[in-house]
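Down below is the structure, laid out as structure tokens.
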Amino acid sequence: MKNRGFTLIEIIITIVILGIIGVFSFSFFGYLTRTYTMMESKRTVHQEAVYALERISRELRDAKEVIINSNVLQFERANPTGQDSNKFVKFYKSGTDLYRDSASDSGFTTNTTHNVIARNVSSFTVSPDGAPLASDTIIDISISITRGETQSYSTRICPKNYSDSGTCTFTGRSFGGCYEDKIN
């Protein structure tokens, strides 16, 4: 009769091979999990920065008069919306938050709203400085958000709703036919 079974050497070799395969598998899944977590964090920062820049860009394109002073962007909107009937808007960084204020008056004393539109902001720059800017001025805006590492985003905007000559009347959201997107 022949004995059936495995020798001690065969069992040890099998355990070693399975151990090596297990180490590689667990390190692969650990790396995959770290990569996913890092990308999720970057995606969140990216979405927040893009939202802030898109919000500023859309509102700035509807500006009648723009004033930039020490990275504080303030303007009068040509067309208040149903959600916010205030005519004056201001974007600025305070601490690590980016704020959007709106008010009925340019001094921001009447009917004022105060909202955070981005958090963990390490820098917010707007250029060029001026009060008020010329109607054909291209405005550069950049924002950096730090959450683990710093990610920076920037855009250029040319407000096209200025009414220097008085030829345009702004009624409704059609901007009196004076609206134009400018891509640089």
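The values are calculated or read from the model by the stated rules, or taken from the named source; none is laboratory data. Keep in mind that what you see is a predicted model, and the values were worked out from it rather than measured. With ideal geometry, Cβ positions are generated from the backbone for all residues, glycine too; neighbour counts draw on all protein chains shown.
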In the range 100-129, how many residues are in contact (Cβ under 8 Å) with a residue 24 or more places away in the chain, under 16 Å from Glu65 (Cβ atoms) and part of a strand (DSSP E or B)?
1
Output the number of residues of the range 107-130 satisfying the condition of being surrounded by 15 or more Cβ atoms within 10 Å (Cβ to Cβ) and either of a type outside the set (Ser, Thr, Tyr) or over 24 Å from the mean Cα position of the chain (by Cα) (or both).
7
Just one of Ile139, Ile117 is farther than 19 Å from Thr96 by Cβ and either in contact with a helix residue (DSSP H, G or I) (Cβ under 9 Å, 6 or more places away or on another chain) or at pLDDT below 90 (or both); which is it?
Ile139
Please find, among Gly130, Gly82, Gly107, Gly95, the residue that is modelled with pLDDT of 90 or more, out of contact with any Ser or Thr (no Cβ under 6 Å at 6 or more places or on another chain) and small (Gly, Ala, Ser).
Gly95
Quick one: Leu133 ticks every box in (1) surrounded by 14 or more Cβ atoms within 10 Å (Cβ to Cβ); (2) assigned to a strand (DSSP E or B) except a single one, so which number is it?
(2)
Among the residues of the range 62-89, count how many are on the phi > 0 side of the Ramachandran plot and surrounded by 18 or more Cβ atoms within 10 Å (Cβ to Cβ).
0
Report whether or not Val50 is crowded, with 16+ Cβ neighbours inside 10 Å and either on the phi > 0 side of the Ramachandran plot or not small (Gly, Ala, Ser) (or both).
no
Which listed residue is acidic (Asp, Glu), surrounded by fewer than 13 Cβ atoms within 10 Å (Cβ to Cβ) and modelled with pLDDT under 90, from Glu40, Glu59
Glu40
Are any of the residues in the range 5-17 surrounded by 11 or more Cβ atoms within 10 Å (Cβ to Cβ), part of a helix (DSSP H, G or I) and either hydroxyl-bearing (Ser, Thr, Tyr) or touching an Asp or Glu at 6+ places or on another chain (Cβ under 7 Å) (or both)?
yes
Would you confirm, using the coordinates I've provided, whether Pro159 is at pLDDT below 75 and outside any strand (DSSP E or B)?
yes
